[in-house]
Amino acid sequence: MASGVLKILKEIQQLDTEILSIEKEEEELRRKIDEATREIKRYATFVEKLEEDMEGLRAERREREERLQENRDRIDRDQQRLNEVKNDRQYKALLKEIENAEKAVRLLDMEMASLSDKITRKQEELTRKKESVDEKTRGVESLKEELAQKEARWREEIEAIKTKRQALVEGLNPVVVRRYELIRQRRGGVGITGVKNETCLGCFIQIPPQVYNQLRKGSEELITCPHCHRILYFDGNNEPSAT
């Protein structure tokens, strides 16, 4: 009778669901590893960009330091020359040069202070990003260790489930098995589902009353949902079966 076939198919579906659950758990763990790895790469790229920015700022500061020293040297030379000039015109010209150099020194001091502040902020940001990279790298290593520890157990569990499954499959007509497998592949891993309160629990669409009554009474043939085409069984729980 179909009831015996349905019972076996339900057991097979339960085993398939257990395998799918294990596979999803593994897939989710691998997804986390891949996502974290990609994030580390993004952070590493950002760290590289920060380091390039800092090198550019340091180069600017070195250039300002050289110009600052040149202007200070010029001021020292011009001040020494003040005692050597012979006329008022040369004296005023030297004073003007000193004044211009002092203005340049003040401007360069301000620019260097601004550059130093930018470098400090960049360094702080760089330190934070490097710490994040280190933290995320440790997280990925931890996830990889978890995956390595679970993989062997998952393989053993799946093999044990497949052995039980094969024993059940051997008790069914191959035509029924192929039908179930085809539906399961097309319907997200679920080839057989219950019906309760005239509703298919696979697609949650109400089935025709005559189909529902057939399921309640029991049928010699397998009945499928008119909507999702999964194999159906009566799952009325508190609903009385038709006699």
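Throughout, read-outs are computed from the coordinates displayed, never taken from laboratory work. Note that the structure is predicted; figures quoted are calculated from it, not measured.
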Name the long-range amide H neighbours of Thr199: under 5 Å, sequence gap of 5 or more, or other chain; modelled H, no Pro or chain starts.
Ile207
In Å, the Kirkwood hydrodynamic radius of region 174-234 over pairs of distinct alpha carbons?
11.5
Just to check I understand the Karplus step: with θ = phi - 60° and J = 6.51 cos²θ - 1.76 cosθ + 1.60, what whole-Hz values come out for region 46-61, glycine and proline as x?
5, 4, 4, 5, 4, 5, 5, 4, 5, 5, x, 5, 5, 4, 4, 5
Taking the structure as given and computing P(r) over Cα pairs in 10 Å bins from 0, in percent, which label from (1) 8, 34, 39, 17, 3, 0; (2) 6, 17, 14, 11, 10, 9, 8, 7, 6, 5, 4, 2, 0, 0; (3) 7, 32, 35, 19, 7, 1 fits?
(2)
Calc'd 3J(HN,Hα), region 193-210, phi into Karplus 6.51 cos²θ - 1.76 cosθ + 1.60 (θ = phi - 60°), Hz, glycine/Pro = x, comes to 8, x, 10, 9, 6, 6, 10, 6, 7, x, 10, 6, 10, 5, 9, x, x, 5
Taking 20 Å as the cut-off for C-alpha to C-alpha distance, list the pairs among Lys24/Lys196; Lys129/Lys150; Lys10/Lys217; Lys49/Lys129; Lys49/Lys130; Lys32/Lys144 that go past it.
Lys24/Lys196; Lys129/Lys150
Rounded to whole Å, sorted largest first: equivalent-ellipsoid semi-axes of region 32-169, Cα gyration tensor:
71, 9, 8
Computed over the chain: longest principal axis from alpha-carbon atoms vs helix 174-186 long axis, angle to nearest 10 degrees, is 30
What's the percent breakdown of Cα-Cα distances in region 1-59 across 10 Å bins, shortest bin first?
19, 20, 16, 14, 12, 9, 6, 3, 1
What aspartates and glutamates sit close enough to Lys118 to cross-link, taking a C-alpha to C-alpha distance under 15 Å and skipping anything fewer than 8 places away on the same chain?
Glu51, Glu52, Asp53, Glu55, Glu60, Asp109
Two decimals, Cα atoms only, Kirkwood Rh: what is Rg/Rh over region 115-225?
1.38
Karplus (6.51, -1.76, 1.60) ³J(HN,Hα), θ = phi - 60°, over region 10-16, in Hz, Gly and Pro reported as x
4, 5, 4, 4, 4, 5, 4
